[in-house]
Amino acid sequence: MLVADDPTDIAAFNKEVSTLESLRHPFVVHFFGACYDPEHLSIIMELCPYGTLIGCMQKKKEEGYPFSLPLKVKCAIDCATAMSFIHSCGIIH
């Protein structure tokens, strides 16, 4: 956990915020802002109402409606596109 009064934590937090600010892509979860509360450092990101991709896939499978092969391929291509973008920004995820 980062602490708002530790200079090392604040520097790491600022670096993360700076990195997130530079990432704008339709397949990357959007960064909206940061909060420097005296007791907590917070990053505000886009809400993903269906949760993670793997969580959504597992839930649909359990409900008897697994992702179709074309949808799985589209998800894989979208993920690869996002990773390519992130790597082009000098970020290794």
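The values are calculated or read from the model by the stated rules, or taken from the named source; none is laboratory data. Please read all numbers here as calculations on a predicted model, not as lab measurements. Counting neighbours? That spans all protein chains shown, and the Cβs are built from the backbone with ideal geometry, glycine included. Note: accessible area is taken over every heavy atom of the protein model, side chains too, but ligands, DNA and RNA are not part of it. Shrake-Rupley method; radii C 1.70, N 1.55, O 1.52, S 1.80 Å.
Collect the residues in the range 51-67 that are open to solvent by less than 90 Å² (accessible area, probe 1.4 Å) and polar (S, T, N, Q), keeping them in residue-number order.
T52
Only residues that are closer than 22 Å to L20 by Cα, out of contact with any helix residue (DSSP H, G or I) (no Cβ under 8 Å at 6 or more places or on another chain) and aromatic (F, W, Y): list them for the range 44-91, please.
F85 - this is the single residue of the range 44-91 that is closer than 22 Å to L20 by Cα, out of contact with any helix residue (DSSP H, G or I) (no Cβ under 8 Å at 6 or more places or on another chain) and aromatic (F, W, Y).
Please go through the range 34-56 and pick out each residue that is without any contact (Cβ under 8 Å) to a residue 12 or more places away in the chain and on the phi < 0 side of the Ramachandran plot. It would help to see each step written out before you state the result.
Just the residues of the range 34-56 that are without any contact (Cβ under 8 Å) to a residue 12 or more places away in the chain, to begin with: 35, 42, 47, 49-52, 54-56.
Within the range 34-56, C35, S42, L47, P49, Y50, T52, I54, G55, C56 qualify.
Across the range 57-93, what is the number of residues that are in contact (Cβ under 8 Å) with a residue 24 or more places away in the chain and on the phi > 0 side of the Ramachandran plot?
Taking the range 57-93 as the starting set, the residues that turn out to be in contact (Cβ under 8 Å) with a residue 24 or more places away in the chain are 78-79, 81-82, 85-86, 89, 91.
Checking the rest, the ones that are also on the phi > 0 side of the Ramachandran plot come to none.
Looking only at that region, the number is 0.
Go through the range 21-50 and give me each residue that's open to solvent by 100 Å² or more (accessible area, probe 1.4 Å) and over 26 Å from T81 (Cβ atoms).
Those that are open to solvent by 100 Å² or more (accessible area, probe 1.4 Å) and over 26 Å from T81 (Cβ atoms): Y36, P38, E39.
Suppose we keep only residues that are of a type in the set (A, V, I, L, M, F, W, C) and out of contact with any Asp or Glu (no Cβ under 9 Å at 6 or more places or on another chain) within the range 29-45. Which one would you say is nearest to S88 (Cα to Cα)?
Just the residues of the range 29-45 that are of a type in the set (A, V, I, L, M, F, W, C), to begin with: 29, 31-32, 34-35, 41, 43-45.
Next cut, out of contact with any Asp or Glu (no Cβ under 9 Å at 6 or more places or on another chain) only: 35, 44-45.
Values: C35: 28, I44: 24, M45: 21 Å.
It comes out as M45.
If I ask for residues that are open to solvent by less than 70 Å² (accessible area, probe 1.4 Å) and of a type in the set (S, T, N, Q), which ones from the range 68-91 would you list?
Scanning the range 68-91 gives S68, T81.
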